[in-house]
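Asker: This structure is in structure tokens; I'll ask about it shortly.
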Amino acid sequence: MPHEVSIVEATIHQSCDEIVSNVATCKPDVIGVSTYIWNATILQKLLKQLRMRLPEAVIVLGGPEASHNAAYWLEQGADYVLDGEGEHVFPAFLDALADSTANPFPEQYIPLVHYNNAIAATKNKNLIPRLLSPIHCSQPTKHPIARERPMFHAPDPPDPYSDSYLASIGSRIAYLETSRGCPFSCAYCLSAGYGVSFFPIKRAKEQIRKLSQTGARTIKLVDRTFNCNQERAFELFEYIIGLDTNCCFHFEVAADLFDERTLALLATAAPGRIQLEVGLQSFHMPALNAVSRKTDLEKAERNIATLLLPANIHVHVDLIAGLPYETLRDFKDSFDRAYALGAHNLQLGFLKLLHGSVLREQAEELGIKCAKEPPYEIQSSSWLDPVDIKTLKQTENALRNTHNKSRFLETLDYAMSASKLRPFVFFEALGKAAPNHKMALSDYAEQIYGFCASLSGVAPIELRDRMVCDWLGMVKGKNMPAILKKPDNRHGQIFRSVQQQLGHEVRREEVCILSSGDAVFVDSAKRNLVTGLYSVGNVGK
């Protein structure tokens, strides 16, 4: 039956008061919330305010964080928690609320419905008997992991991309799902063990086309392993490469599943059209085996090198610190091997024990302890103590604020090479010497300079010149730190020469003279669409 539905989009950076006011404007009878680890913390406060502001509204939660931890969320004030795929379960639930004679769930699938008996009895006392297979959660109970829960395979699931939604995207990131589930069974992941269902490829192409014309700067495909079906992935990659758009498309892929035909196709993509996120997680086989992660590591390395060679695709590689059987020493080896691949981004992530994951059930047996609050990040294990975790956090801080933001890349390469430090040891030491917690970039640059200059084998003059070139390419002519400045009476003359060479005006800060006497400049009209860096040129003495 038809229902009038309004979508209220919000971010975790908005205040609860603002979000509640936006919801209240719609005068809802039912409030449905998608719940994830990234919004779970704010949701606890939000539920209380929604209950106070809209006491008669029915509050129903869905999403992985709620459905795998239903008893907790019912205690926090939700009336109902739904399992299963929302585009089918939620409308059926609304039908049940609206029509006391409706049988809300077709026989071929029976999603679990959790409810708070005390609340439901006062608001919807006639609804409960009509819900098939509810789990009664008026008292705290441990929510079972429903590995047997079937996925829906509707031939034509509803299209969420209405004209009004497409018009509202603007330059933001847009999200798209062309398949659901994952063929693998990684113990830390909630998609493990359900298999994959694919939405019709014609529909996927049409949604891609519509989103590509909205002005969105990035379209992120949330398929868990986009290239698990090689033929389908090839067809969609080919379609996206042929589009007339400036959008960037982001995919999560398994590097070892690429065949030569697809690699050759990807090499033809326009620079910046495609980003690939590759989940390697570890190079330590006992850790991968412990979490049922199956990867041909040698093939993955070869394919990543092939993807990087044309310099047209941004490649992002993921590692997970805290996997069972991987000590700090083992992880250092994984890190160095991953860094050597030369990917544009190397994410050092930390194991999270998600509700509903196999690894969370095994945590006590494995000696893994995690935070009680979302995102349930590892605090210690039988292989990593709290001091090890601190070391990894410091290393991640340095990596995230330099390499992963395309900052000081030439400087880092030079300092590591000159000092003969392995990548992990270098970033570990940098993280301890120069922790960056929202520090001004100019101040951070000075700290990096001081750290690198202290390393054995590093020449301060060479270091300064590398940092000058990095700075120009990173920030497009912002005033550089005092430690990098070197007054030269030829600056004005060279500045005018650069303007003549480029044919347009430049700022004085976009021209600098190196210790060698060579002059360098940044051409802010030329930006690398893959790295995000601006072109730095040399005008000679």
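Asker: Being of a type in the set (Lys, Arg), within 30 Å of ARG217 (Cα to Cα) and out of contact with any Asp or Glu (no Cβ under 6 Å at 6 or more places or on another chain) is the requirement here; does ARG527 meet it?
Answerer: It is true that ARG527 is of a type in the set (Lys, Arg), within 30 Å of ARG217 (Cα to Cα) and out of contact with any Asp or Glu (no Cβ under 6 Å at 6 or more places or on another chain).
Asker: When you scan the stretch 270-324, how many residues do you find that are of a type in the set (Lys, Arg) and free of Cβ contacts under 8 Å to residues at least 12 places away in the same chain?
Answerer: Total satisfying the criteria: 1.
Asker: Another one. Which of the helices (runs of 4 or more DSSP H) contained wholly in the stretch 436-541 include at least 3 residues that are over 24 Å from ASP413 (Cβ atoms) and either small (Gly, Ala, Ser) or at pLDDT below 95 (or both)?
Answerer: In the stretch 436-541, the matching helices (runs of 4 or more DSSP H) lie at 491-502.
Asker: Please determine, by comparing only the residues of the stretch 431-446 that are small (Gly, Ala, Ser) and surrounded by fewer than 18 Cβ atoms within 10 Å (Cβ to Cβ), which one is nearest to LYS485 (Cα to Cα).
Answerer: SER442
Asker: Still on this structure, please answer the following. Taking the condition of being not charged (D, E, K, R) and not in a helix (DSSP H, G or I), how many residues in the stretch 217-232 meet it?
Answerer: Residues flagged as not charged (D, E, K, R) and not in a helix (DSSP H, G or I) within the stretch 217-232 amount to 6.
Asker: A follow-up question, please. Which one of the conditions (1) within 26 Å of LEU166 (Cα to Cα); (2) buried (at least 16 other Cβ atoms within 10 Å of the Cβ); (3) not polar (S, T, N, Q) does ASP244 fail to meet, given that it meets all the rest?
Answerer: With (1) within 26 Å of LEU166 (Cα to Cα); (2) buried (at least 16 other Cβ atoms within 10 Å of the Cβ); (3) not polar (S, T, N, Q) applied to ASP244, the lone miss is (2).
To keep it simple, each residue is scored yes or no on (1) touching a Phe, Trp or Tyr at 6+ places or on another chain (Cβ under 9 Å); (2) farther than 27 Å from ALA311 by Cα.
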{"site": "PRO460", "(1), (2)": "yes, yes"}
{"site": "CYS469", "(1), (2)": "no, no"}
{"site": "VAL475", "(1), (2)": "yes, no"}
{"site": "ASN479", "(1), (2)": "no, yes"}
{"site": "LEU484", "(1), (2)": "yes, yes"}
{"site": "ASN489", "(1), (2)": "no, yes"}
{"site": "GLN499", "(1), (2)": "no, yes"}
{"site": "LEU502", "(1), (2)": "yes, no"}
{"site": "SER515", "(1), (2)": "no, yes"}
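Asker: Next question. Of the residues that sit in the stretch 266-321 and are small (Gly, Ala, Ser) and in contact with a Ser or Thr (Cβ under 6 Å, 6 or more places away or on another chain), which one is surrounded by the most Cβ atoms within 10 Å (Cβ to Cβ)?
Answerer: SER282
Asker: Suppose we keep only residues that are over 18 Å from VAL8 (Cβ atoms) and at pLDDT 50 or above within the stretch 141-162. Which one would you say is surrounded by the most Cβ atoms within 10 Å (Cβ to Cβ)?
Answerer: PRO157
Asker: From the set of residues in the stretch 1-38 that are free of Cβ contacts under 8 Å to residues at least 24 places away in the same chain, of a type in the set (Val, Ile, Thr) and not assigned by TED's automatic domain parsing to the domain that holds GLU56, which is surrounded by the fewest Cβ atoms within 10 Å (Cβ to Cβ)?
Answerer: The extreme case among them is THR11.
Asker: Under 24 Å from ILE173 (Cα atoms), aromatic (Phe, Trp, Tyr) and modelled with pLDDT under 95: does that describe TRP73?
Answerer: no
Asker: Would you please name the residue that is modelled with the lowest pLDDT, looking only at residues in the stretch 79-108 that are in contact with a Ser or Thr (Cβ under 9 Å, 6 or more places away or on another chain) and closer than 30 Å to THR41 by Cα?
Answerer: Top of the filtered list is GLY84.
Asker: Within the stretch 186-195, is even one residue surrounded by fewer than 15 Cβ atoms within 10 Å (Cβ to Cβ) and at pLDDT below 95?
Answerer: Yes, the conditions are met somewhere in the stretch 186-195.
Asker: Quick check: anything in the stretch 28-45 farther than 27 Å from PRO375 by Cα, out of contact with any helix residue (DSSP H, G or I) (no Cβ under 9 Å at 6 or more places or on another chain) and modelled with pLDDT of 90 or more?
Answerer: The answer is yes, given that some residue of the stretch 28-45 is farther than 27 Å from PRO375 by Cα, out of contact with any helix residue (DSSP H, G or I) (no Cβ under 9 Å at 6 or more places or on another chain) and modelled with pLDDT of 90 or more.
The values are calculated or read from the model by the stated rules, or taken from the named source; none is laboratory data. Quantities reported herein were computed from a predicted structural model and do not represent experimental measurements. As a convention, Cβ positions derive from the backbone with ideal geometry for all residues, glycine included, and neighbour counts pool all protein chains shown.
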